[in-house]
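The values are calculated or read from the model by the stated rules, or taken from the named source; none is laboratory data. In this text the structure is predicted, and so the values were computed from the model without any measurement. Ideal geometry is used to build each Cβ from the backbone, glycine not excepted, and the neighbour counts take in all protein chains shown. Note: areas computed on protein heavy atoms with side chains; ligands, DNA, RNA excluded. Shrake-Rupley method; radii C 1.70, N 1.55, O 1.52, S 1.80 Å.
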Amino acid sequence: MEEPRIIISGGGTGGHIFPAVSIANAIRAKHPDAKILFVGAEGRMEMTRVPEAGYEIKGLPVRGLIRPLWSPRNISVMIDFLKSKQMVKSIIREFRPQVAVGVGGYASAPTLNAAAALGIPCIIQEQNSYAGVTNRSLAKKAAKICVAYDGMERFFPAENIIKTGNPVRQSLVENTLTKAEACEALGLNKDYPTILVIGGSLGARTINDAIANGISRFEEKKIQVIWQTGRYYAEECERKTKEAGAIMVRPQAFISDMATAYKAADIVISRAGASSISELCLLGKAAILVPSPNVAEDHQTKNALALSEKNAAVLVPDTAAGKTLVEEAIALVSDPSAITALELEVSKLALRDSADIIAGEVLKLAGFKA
């Protein structure tokens, strides 16, 4: 039998790209000869991040719909979608995959629609507790739907659902540093409380503004802050930190060694994207979640509630972050018993070996040993 040939499609944010790469790595671990091709959206971050991970990627001119939906500009969006669907049919005919995997993001829809039309079995990986429009529209075309939350039969056919959890970057769970060693590696003081702030790979205006306005409070309390600002906000946040003469608060556009940053942190302030929540669960980190309001169906609030209702995280609404986030963070990082309680509950929600389980389903569907 020839080697496994798999197409993986999706992206747009790190929350889609990192799980997709983890699935690819898990497939390769089982079948080193597997041929894997990614399909992404032109101009989005997958076009650089996927090649950095060692995989080939093809780009489509697909874009998201413009609000309001009746905007005349959506005519060109639909033209690009149809063009993308034709392009991906050519890619599929040339590559000859046995399975197509969709992880969410703009490119998933034309890729899985085209694959299904050509008789290629499809697998969807739905990361959120509230399924996105793209995956809901593709559900009837999918042989298997891999999910991370209970109750997903309200969106998908129950007989096709597998609860696998969301894959995370292997480097995070393989990191063996102690907190003291991680602090030393990052040039931090191991004896000071430390907060990691991550607003997603693109940054988060509300979180960044709150942290910037709280710089003097962190300095006063001698609390170290590892602050991923996102590239859009990096210059502004670095300027505000410098103007405040801060030494405890350390902004940077992107944290490349997230595994060490997590190890150094006592608590994490984060958006509530599915990938971030999966990382927090697997690593057992106490967290304050600030769901982004600028996402489809407000799915980040639903993700955050899935934790906060189990006392596994603190939820601060985006609208309240400016007033309360910094003081909530100072109170939590100063209370070891509260941190321990959150760590205990969030660890109970972890679903392990997700990438390995999904890779097994992909290979079985392709007709190979899992």
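Of note:
- Leu82 contributes about 100 Å² of solvent-accessible surface, heavy atoms of the protein only, 1.4 Å probe.
- Among the trypsin sites (Lys or Arg not before Pro) within region 269-370, those in coil by DSSP and having at most 16 neighbouring Cβ atoms inside 10 Å are Lys310, Lys348, Arg352, Lys369.
- Free of any chymotrypsin sites (Phe, Trp or Tyr not before Pro) that DSSP assigns to a loop and that have at most 15 other C-beta atoms within 10 Å, the longest stretch within the chain is 71-231.
- Ordered by solvent-accessible area of protein heavy atoms (1.4 Å probe), largest first, the residues Met258, Met78 come out as Met78, Met258.
- Cα-based shape type of the chain, given that a ≥ b ≥ c are square roots of the gyration tensor eigenvalues and the cut on a/c is 1.5: prolate
- Using the rule -39500 (n - 2.57) for each DSSP H run of four or more residues, divided by the residues of the chain, the 222 nm mean residue ellipticity is -13000 deg cm²/dmol.
- Surface composition of the chain: carbon plus sulfur atoms contribute 52% of the solvent-accessible area (1.4 Å probe, protein chains only, all chains present).
- Cleavage-rule hits (trypsin sites (Lys or Arg not before Pro)) in region 57-135: DSSP loop, at most 13 neighbouring Cβ within 10 angstrom: Arg73
- Length gained on full extension, Arg352 to Arg205: 49.7 nm, using 0.36 nm per residue less the C-alpha separation.
- Pairs of Lys in region 134-193 closer than 24 Å at Cα, counting only those 8 or more apart or on different chains: 4
- Using a cutoff of 8 angstrom between alpha carbon atoms and counting only pairs six or more residues apart, the relative contact order for region 124-174 works out to 35 percent.
- Average Cα contact separation per residue, region 40-166, under 8 Å, 6 or more apart, as relative contact order %: 16
- Accessible area per residue, Å², the chain with all protein chains present, probe 1.4 Å: 44
- Cut-off of 10 Å, at most 13 other beta carbons, DSSP loop: longest stretch of the chain lacking such GluC sites (Glu not before Pro): 3-308
- Mean Cα-pair separation over length for region 223-318, i.e. relative contact order, pairs under 8 Å, 6 or more apart, %: 21
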